[in-house]
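Here is the structure we will look at.
Laboratory data are not the source of any read-out in this text; all were calculated from the coordinates shown. Every value quoted in this text rests on a predicted model; they were computed, and no experiment measured them. All Cβ positions, even for glycine, are placed from backbone atoms using ideal geometry, and neighbour counts span all protein chains on display.
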Amino acid sequence: MRRAMAEAEVGDDVKGEDPTVNDLQKTAAEMFGMEAALFVPSGTMGNLIAVMAHCRERGDEMIVGDLSHLHVYEQGGSAQLAGVHATTVTTRPDGSFDLKQLESKIRHGYPDPHYPRSRLICVENTHNIQGGRVLPLHFLQDVRALADQHGLALHMDGARVMNAAVAQGVPVAAILQHVHTASVCLSKGLGAPVGSVLAGPQDFISRAVRCRKALGGGMRQAGIIAAAGKLSLQEMVGRLEEDHHNVKTFAQALIDCQPPLFAVDMAAVETNILRFRVEDPTLSPEEFCARMGQVGEGEEAALGQGIQVLMYPHVENSIRAVWHLGISPEDTQLAIQKMQFVASQHLKGKVETQ
Ligand SMILES: Cc1ncc(COP(=O)(O)O)c(C=O)c1O
């Protein structure tokens, strides 16, 4: 990837003259089954541009999941920078919504001056907060039918949609056929150092180019990073299966830990994100993650080496762990050894204080 970056042919992408960026955008559009695509600096900017390009009148409204990244982790950029109002639907554990609730959120008052105008529905696939859950294809089909029925646009925050495609065993275009536009991260599991691609119809992408420039996302010789992004799409998708396998291996080890200390819903372990709980109230998620991250007393003697594993406390008292190309099956085995060591030390400490 570093070599591809060093050797990339470049030009001024603000003028559309960077051949490597153009190549990446063409590759992405073809792969996604979309008319056109645009290279953007981040997933956050990709989502914001999508909101701006779909909701063109100040005060337009979008419908988003209450646990979506767009709503929770993007600093309300749609409101503060795009002047777009959000209304939320409840995110179900699998990342989907109740269709009746979704429909009830669509406004019919326009042009009555009391109401904003519904313009956009956003879905997230895979769902980050819900632990990498994959949206069922029939759900996407139903949401699209609802959007079409009411003349709304449907955008997918597909930061990890490649993981969804691999988990479902379908080409990514089979997922994206159900949405009008999508933003896909080349970083994260696909391993590029930076960048996302926003894709959709040509007229949407033409508007998106203007929004990107207004947000300061027009980059000059961006081919250096686009070269890495192109490799991500062409060579890194196939290996995502390994991440999914590693997550399942670790999740099973949590379940098998003796004596039992962890709770995992195996049916919810679908891609490269794992959410689990510590069942013992005397070991908080914060304390567990801190112990996983540092080399404990007696660890080197017990395990033959010090092992540091980064995880972090997450919503509703859970713990979040993510796998990517930097974590091999061997690393996963080490993480399992460490988890078992932390669990045994905790239980030993409890017995000693009793
Ligand atoms: C679902 C989802 N969307 C968007 C983003 C934002 O991507 P970026 O960090 O590239 O801005 C993330 C980042 O974690 C994400 O998980």
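A few remarks follow.
- Label point distance in nm, GLN308-ALA4, each placed 7 Å from Cα along Cα→Cβ: 3.0 nm
- Cβ-Cβ FRET estimate between LEU347 and LYS15, R0 fixed at 56 Å, reported to 0.05: 0.30
- Coupling constants for segment 271-280 follow from the phi torsions by the Karplus curve (6.51 cos²θ - 1.76 cosθ + 1.60, θ = phi - 60°), and in residue order they are 9, 9, 10, 10, 10, 8, 10, 8, 7, 9 Hz; glycine and proline get x.
- Each label point was placed 7 Å from the Cα along the Cα-to-Cβ direction; for ARG58 and GLU279 their separation is 5.6 nm.
- Of the GluC sites (Glu not before Pro) in segment 270-344, the ones in a loop by DSSP (not H, G, I, E or B) with at most 12 other beta carbons within 10 Å are GLU279, GLU297.
- Comparing VAL315, VAL278, VAL172 in a Gaussian network model of the chain where C-alpha atoms under 10 Å apart are linked, the largest mean-square fluctuation is found at VAL315.
- Bridge type composition, segment 102-210 - antiparallel percent by DSSP, nearest 5: 40 percent
- Environment charge of ILE224, counting only residues whose C-beta is closer than 15 Å and scoring Lys/Arg +1, Asp/Glu -1: -3
- Net charge of the neighbourhood of ARG107, taken over other residues with C-beta under 15 Å away and scored Lys/Arg +1, Asp/Glu -1, is -2.
- Within segment 244-272: backbone nitrogen closer than 13 Å to the ASP331 label point (7 Å, Cα to C-beta): 244, 246-247
- Cα long-axis angle, helix 202-214 against the chain (0 to 90 degrees, to the nearest 10): 70 degrees
- Shown is the FRET efficiency for HIS150 and GLN202, computed with R0 = 30 Å from the Cβ-Cβ distance and rounded to the nearest 0.05: 0.80.
- Each Lys and Arg Cβ is given +1 and each Asp and Glu Cβ -1; about its Cα centre, segment 239-352 then shows a dipole of about 80 debye.
- The residues packed around VAL51, meaning those with a beta-carbon under 11 Å from its beta-carbon, carry a net charge of -2 if Lys and Arg are +1 and Asp and Glu are -1.
- Acute angle (nearest 10 degrees) that the helix 43-54 long axis makes with the longest principal axis of the chain, alpha-carbon atoms: 30 degrees
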